[in-house]
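Shown next, in structure tokens, is the structure this report addresses.
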2 protein chains.
Amino acid sequence: MSAEAVSLVAARFKVLSEPLRLQILQYLENGESSVTNVTKAVNSTQPNVSKHLKILQDEGFVAKRQEGNTVFYKIADESIFELCDVVCGSLKERFSERSAVFG
Amino acid sequence: MSAEAVSLVAARFKVLSEPLRLQILQYLENGESSVTNVTKAVNSTQPNVSKHLKILQDEGFVAKRQEGNTVFYKIADESIFELCDVVCGSLKERFSERSAVFG
DNA sequence: TGAGCATATAACTATATCGTTATACTATCA
DNA sequence: TGATAGTATAACGATATAGTTATATGCTCA
């Protein structure tokens with residue numbers, strides 16, 4: 001993998017490295033949602049959520065659609081969930097090893 | 001997924017969000033290596049590489065083994081490569097969509 | 001024991017980014 | 001047209017982290 005490709009991959013991981021962004025993605029897994037509803041769901045402020053949604057969109061993880069004066073966001077790249085599954089599996093394994101140490 | 005689980009997943013992505021750390025992992029894919037050799041391979045400084053190796057180890061991605069006064073690091077969690085593959089696939093798809101726009 | 005090599009850590013600077021507050025923009029509707 | 005709702009952006013302070021330089025630690029061997 002070239003240095004440039006490595007940077008692109010790293011950038012993608014970086015977008016997924018914020019808990020709030022993961023929460024947003026998790027919420028959008030249920031279907032598209034307005035900014036207002038996402039804000040309520042993740043218990044944050046509207047400007048903060050808007051900013052994170054923009055970051056997610058710039059990386060292609062979500063897509064937006066405007067209807068009247070409300071904007072709906074939805075998942076645009078299902079691979080995120082595959083990534084989360086792999087990480088979760090790896091974490092589970094790690095913790096079970098650890099608990100075995102104490103068990 | 002609970003808020004705590006989300007944070008753990010995010011932390012894992014964060015460790016993978018630095019290009020130099022990905023380069024180190026990529027190099028270690030060839031087999032275990034001393035800090036000195038990793039340093040040469042990724043073209044950085046020894047203290048910097050040591051710091052990143054520690055971060056990778058704390059998250060369980062690599063493991064170390066000491067022999068005399070040299071320390072060998074190796075991959076300890078193969079799931080990283082699966083993660084990179086998923087991200088690469090997703091990136092490829094994205095770029096091919098983009099090039100199609102111009103094509 | 002003392003020199004030298006390999007690695008780790010400390011201290012620092014520079015930069016990036018999170019969350020907040022205030023405000024701008026845009027569409028709807030009375 | 002004016003008021004309001006939904007969203008985006010600007011500016012700011014606080015915190016985190018990458019990389020560097022200097023130094024400490026630990027092992028080996030003469």
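No lab work stands behind these numbers, since they all come straight from the coordinates. Computed from a prediction, not measured in an experiment: that's the story for all the values here.
Any idea what Rg and Dmax come out to for the protein assembly as shown if you just take the C-alpha atoms, in Å?
19.0, 69
How large is the translational diffusion coefficient of chain B in µm² per second when you combine the Kirkwood radius over alpha carbon pairs with Stokes-Einstein at 20 °C and 1.002 mPa s?
Numbers: Rh = 15.2 Å.
The estimated diffusion coefficient comes to 141 µm²/s.
For chain B, what is the relative contact order in percent, using Cα pairs closer than 8 Å and at least 6 residues apart in sequence? The partial results should precede the final answer.
Values: 76 pairs, mean separation 23.0, N = 103.
Value for chain B: 22 percent.
Using modelled backbone amide H atoms (1.01 Å from N, in-plane), which distant-in-sequence or interchain residues come within less than 5 Å of residue B:71's amide H?
Hits under the 5 Å cutoff: B:35.
Of A:40/A:74; A:40/A:92; A:54/B:92; A:14/A:51; A:54/A:74, which ones are farther than 18 Å apart at the Cα?
Numbers: A:40/A:74 16 Å; A:40/A:92 30 Å; A:54/B:92 21 Å; A:14/A:51 15 Å; A:54/A:74 12 Å.
Check vs 18 Å cut-off fails for A:40/A:92; A:54/B:92.
What are the membrane-span-like helices in chain B by this rule: whole DSSP H runs, Cα extent along the axis at least 24 Å, mean Kyte-Doolittle hydropathy at least -1.0?
Correct list, ordered by number: B:79-102.
Using only alpha carbons, build the gyration tensor for the range B:22-72 and give me the equivalent ellipsoid semi-axes, biggest first, whole Å. Working shown, then result.
Working: eigenvalues 38, 35, 26 Å².
The equivalent ellipsoid of the range B:22-72 has semi-axes of 14, 13, 11 Å.
Work out, step by step, the length gained on full extension between residue A:37 and residue A:100: first 0.36 nm times the residue separation, then minus their alpha carbon distance; give nm to one decimal.
Details: separation 63, 0.36 × 63 = 22.68 nm, distance 4.18 nm.
Here the segment from residue A:37 to residue A:100 would lengthen by 18.5 nm.
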